[in-house]
Amino acid sequence: MPTPLPVHGTTPGALLRGDTAADYAVALHAVVDDLADRVAGARQPFCGASRRELQALVDGVDLDGPPVGTPDALRETAELYASHAVWFHHPAYAAHLNCPVALPAVGAEAMLAAINTSVDTYDQSTVATLMEQRLVEWTAARIGFPDGDGVFTSGGTQSNLQALHLARERALTAPDGARLGGAARRDRLGRLRVLATGSGHFSVARSALLLGLDDDAVVAVPTDDAGRMDPGALARALVDVERAGDVVMAVVVTAGTTDRGCVDPIGPVADLCDAVGAWLHVDAAYGGGLLVSPRRRHLLDGVERARSVTVDFHKTFFQPVSSSALLVREAADLARVTWHADYLNPAEESGERNPDLNLVDKSLQTTRRFDALKLWATLRAVGADGVGAMVDGVCDLAAAVHADLAGDAELRLLAPTDLSTVLFRFQPDGVDDARADALVPRVRRVLFDSGRALVAKTVIDGRPCLKLTLLNPDTTLDDVRGVLDLVRSTAHGLLAGEELLTDDAPPCRGAHPRLERTAVPHDATLEEALR
Ligand SMILES: Cc1ncc(COP(=O)(O)O)c(C=O)c1O
């Protein structure tokens, strides 16, 4: 006897639809209530569970087991994920470019997840397309692109890739406007050069490779001592490229370098780009929030002269991941990525004949999240000035930390910042460079494994160092001093040969039993690490 087919072909209760809308409300309220408790109760940025413990928990879930239903699945998922997540709103989180998220944006995220709009074509998104476009125009206006356009992307990496793609297509266009093909295209492609500093984001070099450029296509432009592009050096590099018979595809400046938080001199670079007709791309993934800063907007002076700009809303606009945009000064530039498909955006319905607005025409993605909704809700709830005040707040905090550390006998500042990073090493008198180098990853690791404070590490001018990225406007100078005290005590402990790494305590939730612990066992001493 064959098993009868279910009447609707769906697993009962699996989908959000009219007859499960009440279940949706109950399930979401439970998730939100639980998360509200966790957010309020997070006593440290990470619970400190080890990779081994987490792997065991992850492997312990039987993905082929009997289904448990939505409420239990969400409870179990929260227990696994939220109990062991890294909390970016905690003041002792100061590692990477992650921000606490704007409350209205989180509400909007719930909306867009439930409705599941895809903003590729108008017929799938209607008002969402219009809202995204309005925000693109708003951002373009803030930059100073009166005839500009743009599109939301998944992040700065994607925005930079698309910018360089547009620049490449422009460089591969013949004087009559035709797209170069065949041998002429191959020959020119091999001669295209991208000029950027070593402080630029790695996505620039990787994009160059993805775009088929030569291995040595990215030319490193020297910087000043603070890591900002040196316009004089750029001028010489432009001459060198021309003398070598190569072609400048783009000059990339960074408005907020990832490590140093420095802004390249956009105006002087724009002068040089104008003189040789080079495409200027401003990577403002980090510094984009300056667009709304009441006190620091001037740091972006000249950005309106760029041909393209990356802005990451999920950094300095306090948006949940993902939310970024690529903006262009000349709307027509975006047509270089347009591709038509009969089922989606047929050529005969494009341009003037397009009664709608198919954003897929401007994007490298097809199905695409309606991330713009989050920024929309944030601007309405908090206002652009409110967002900008938070950007100024984190920059002020970084300036205060720099002032606090100036002349410190143990924590040595390595570089200034325009935005909100702090680069430093623990190196009191008597600690040589090799020992100070070895301390950097170990201090970071000990703090991470304790879960009490999360800081990053990087390399500046060839030397390892610790890095704070301050993106939490609620963090105080005292909070940062607390993190730095942990750095000091951990470094002293390592120098003294104390054992300082984590044991196998069970993963924790809520009151985090390890909070009071200052030192936990380590697998090797600093002396061993140096051998
Ligand atoms: C200057 C800069 N550009 C681009 C990116 C890449 O952004 P995303 O991580 O959103 O892809 C980053 C990330 O930190 C960055 O700092």
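Some notes on this structure:
- Some residue of the range 287-296 being farther than 30 Å from residue 173 by Cβ, hydroxyl-bearing (Ser, Thr, Tyr) and more than 16 Å from the ligand (Cβ to nearest atom): yes
- If you go through the range 416-441 and keep only what is over 25 Å from the mean Cα position of the chain (by Cα) and closer than 23 Å to residue 258 by Cα, you end up with 426, 436, 437, 438, 439.
- Taken across the range 133-142, residues that are more than 16 Å from the ligand (Cβ to nearest atom) and touching a strand residue (DSSP E or B) at 6+ places or on another chain (Cβ under 6 Å) do occur, with at least one present.
- The numbered conditions (1) surrounded by 15 or more Cβ atoms within 10 Å (Cβ to Cβ); (2) farther than 17 Å from residue 161 by Cβ are all true for residue 283 except (2).
For every residue, the table says whether it meets (1) more than 22 Å from residue 454 (Cβ to Cβ); (2) surrounded by fewer than 15 Cβ atoms within 10 Å (Cβ to Cβ); (3) not assigned by TED's automatic domain parsing to the domain that holds residue 77.
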site: 21; (1), (2), (3): yes, yes, yes
site: 24; (1), (2), (3): yes, yes, yes
site: 27; (1), (2), (3): yes, no, yes
site: 31; (1), (2), (3): yes, no, yes
site: 52; (1), (2), (3): no, yes, no
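- In the set 437, 485, only one residue is within 28 Å of residue 197 (Cα to Cα), in a helix (DSSP H, G or I) and of a type outside the set (Phe, Trp, Tyr); that residue is 437.
- Test: residue in the range 130-147 that is among the β-branched types (Val, Ile, Thr), touching a His at 6+ places or on another chain (Cβ under 9 Å), within 21 Å of residue 308 (Cα to Cα) and in a helix (DSSP H, G or I): no
- Qualifying residues in the range 118-174 (those that are within 21 Å of the chain's Cα centre (by Cα) and among the charged types (D, E, K, R)) - the one surrounded by the most Cβ atoms within 10 Å (Cβ to Cβ): 132
- Counting only residues that are closer than 11 Å to residue 369 by Cβ and surrounded by fewer than 18 Cβ atoms within 10 Å (Cβ to Cβ), the range 102-111 holds 0 of them.
- Condition check for residue 177: buried (at least 22 other Cβ atoms within 10 Å of the Cβ), in a loop (DSSP other than H, G, I, E, B) and out of contact with any Phe, Trp or Tyr (no Cβ under 7 Å at 6 or more places or on another chain): no
- Condition met for residue 278 (aliphatic (A, V, I, L, M), within 14 Å of the ligand (Cβ to nearest atom) and touching a strand residue (DSSP E or B) at 6+ places or on another chain (Cβ under 8 Å)): no
- Flag if residue 438 is over 19 Å from residue 490 (Cβ atoms) and assigned by TED's automatic domain parsing to the domain that holds residue 456: no
- Residue satisfying condition, being within 30 Å of residue 103 (Cα to Cα), within 16 Å of the ligand (Cβ to nearest atom), touching a strand residue (DSSP E or B) at 6+ places or on another chain (Cβ under 8 Å) and free of Cβ contacts under 8 Å to residues at least 40 places away in the same chain, within set 284, 325: 284
- Residue in the range 260-273 that is in contact with a Phe, Trp or Tyr (Cβ under 8 Å, 6 or more places away or on another chain), modelled with pLDDT of 95 or more and more than 16 Å from the ligand (Cβ to nearest atom) present: yes
- Qualifying positions in the range 50-97 - free of Cβ contacts under 8 Å to residues at least 12 places away in the same chain, assigned to a helix (DSSP H, G or I) and among the hydrophobic types (A, V, I, L, M, F, W, C): 56, 73
- Filter result for residue 291 (surrounded by fewer than 24 Cβ atoms within 10 Å (Cβ to Cβ) and touching a Leu at 6+ places or on another chain (Cβ under 7 Å)): no
- The range 362-395: number of residues that are free of Cβ contacts under 8 Å to residues at least 40 places away in the same chain and in contact with a strand residue (DSSP E or B) (Cβ under 9 Å, 6 or more places away or on another chain): 0
- Wholly enclosed strands (runs of 3 or more DSSP E) of the range 315-426 bearing at least 1 residues buried (at least 23 other Cβ atoms within 10 Å of the Cβ): 324-328, 421-426
- Of everything in the range 298-314 that is part of a helix (DSSP H, G or I) and touching a Leu at 6+ places or on another chain (Cβ under 6 Å), the residue that is nearest to the ligand (Cβ to nearest atom) is 313.
The values are calculated or read from the model by the stated rules, or taken from the named source; none is laboratory data. All values derive from a computational prediction rather than experimental measurement. Neighbour counts are summed over all protein chains in view; Cβ atoms, including those assigned to glycine, are modelled from backbone coordinates with ideal geometry.
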